[in-house]
1. Of all trypsin sites (Lys or Arg not before Pro) in the stretch 195-268, which ones are in loop regions per DSSP and have a Cβ with at most 15 other Cβ atoms within 10 Å?
2. Shape of the stretch 248-384 from its Cα gyration tensor (a ≥ b ≥ c, root eigenvalues): rounded if a/c is under 1.5, otherwise prolate when a/b > b/c, or oblate?
3. So which lysines pass the test for Lys52, namely a Cα distance under 20 Å, with those fewer than 8 places away in the same chain ruled out?
4. Between Arg274 and Glu320, 0.36 nm times their residue separation minus their Cα-Cα distance comes to what?
5. With N set to the residue count of the stretch 351-421, report its C-alpha Rg divided by 2.2 N^0.38 Å to two decimal places.
6. Please compute the modelled spin-label separation between Gln403 and Ser373, points set 7 Å along Cα→Cβ, answer in nm with one decimal.
7. Rounded, prolate or oblate: which one fits the chain, using the alpha carbon gyration tensor with axes a ≥ b ≥ c (rounded when a/c is under 1.5, else prolate when a/b beats b/c, else oblate)?
8. Using 7 Å Cα-to-Cβ label points, what is the Ala176/Thr362 separation (nm, one decimal)?
Amino acid sequence: MRRRSFLALTALAAFTVTGCGGGQGNVGSLEFTAPLHIPPVLDPAPGPDGVKRFPLRLQEGRAEMRPGKPVGTWGINGDYLGPTLRAKRGDRVAMNVTNTLGEASTLHWHGMRLPAKMDGGPHQMINPGDTWSPEWTVDQPAATTWYHPHPHGQTARHVYRGLAGMFLIDDDKDVALPRTYGTDDIPLVIQDKKFKDDGELNDNTGGTFGILGDHILVNGTYGPYFQVTTTNARFRVLNGSNARVYDIGFADDRTFHVVGGDGGLLEKPVPVRRFQISPGERVEIVAGFQPGEQVLLKSFDGDSDIGSGDFDLIKFTAAERLKPSAGLPGRLADLAPPAKPTKTRTFRLGGSNINSRNMDMTRIDEVVAAGASEIWELDNVTYSHNFHIHEVVFRVLDIDGEQPPEHLRGPKDTVFVPSGTKVRLAVEFGRHTDPKTPYMYHCHILKHEDQGMMGQFVIVPPGTEDHTSRTVSMSGHGH
Ligand code: C2O
Ligand code: CU
Ligand code: CU
């Protein structure tokens, strides 16, 4: 009964939020005259100590999202978005994040498996003028991860203004996928924006889900085209939007292959015509092209209640002569089945809370043993949400009792949880213990996260769970 009335409300809310595109949508009106911006790669050579050091500056800027109409933005080492960071499994990396903004922020490495103190969550604030220098060893399979701020209550605004970038992890496994960055291995960061009458970014987060913009950018470019020069191209798609869920495919409905997700490659390529992607998720695809053709990548009207709609995203123009590129290997990765779970935890997703509680930075919600395998059961009793867990990888076991589509069966860290559904995850936790510094789990609809739809967990040595303090000391916070 209760669930039903929630759902009815939801339908209404979704309609008012998405019902009017104001005629400004991304359909039919785009000319695709702007070359797609490809974020530069930052892959520093290791210093004498063997450490790769990445200088990163959070800064203010101005960006021409629409031609001739520059708007105030934030960026990392630039006006809008940040460089693509690149490191290899086994690399020791050190970040030097300098905050030149007028307010405190953080930088979180979404998808990275690292000690909690290096995670860049709300407990690692960087005050204006300060530099934060986390350091860790990259130890996980090749994957497309990303980075963005995580200041509690302000994440939506900071990401929306432009603070985000990709962090690509490589490993030694020689998988014959397209891999020339910017040529046949292309990042696609999808984000929707709204503009005010004076042309500036509109960050008014009204509505159930917050910002749903009517201008959809790819890598910060509005109406972009990309010239394809190879027979196959790999696209690393990141939904970097605050809320909107996309159902992505080509305008001619061609089949392409999903080769990877949040946590790395799938076992084998999965042929699809569309895939759904919610905020924070990454999907890697490989698509084939014919010489001289032009084709649009689109978002189609899907079944999500978070801004689903028909939008053109980017035009691909294939050269008259295409160079042969790496094909599609039959096998991509060996994925061990999830280990036997030792515990099940249930998380009831409410309007903007989890298990009826709002985020409290001083409270530890869950204590997990290092290296544990657990079932996390998400029970969404309201409109749609998604769910992200820091530090871990998980496999989606089932959605309302049914196996997820094949391309969602690989390692992930963020999952869409549609309105009124139950999703079960097999979660694999890492071994960096720190009973005093929590990691986060939360809805990645940034308005919901800011409203407190977030909880904290610590990873502790096995056997010490029961005498781990449930309170976080906030002394020294900010440094
Ligand atoms: Cu992408 Cu806790 O975030
Ligand atoms: Cu994260
Ligand atoms: Cu949510």
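1. Sparse-neighbourhood loop trypsin sites (Lys or Arg not before Pro): Lys196, Arg254.
2. Because a/c hits 1.5 or more and a/b fails to exceed b/c, the stretch 248-384 counts as oblate.
3. Lys88, Lys117
4. Roughly 13.9 nm would be gained on extension.
5. In units of the globular-protein estimate, the stretch 351-421 measures up at 1.20.
6. 1.8
7. Judged from the Cα gyration tensor, the chain comes out rounded (a/c under 1.5).
8. Computed distance between label sites Ala176 and Thr362 equals 6.1 nm.
Bear in mind that the values in this text are calculations on the coordinates, not laboratory data. Since this is a predicted model, take the numbers as computed values, not measurements. All Cβ positions, glycine included, derive from the backbone under ideal geometry; neighbour counts span all protein chains shown.
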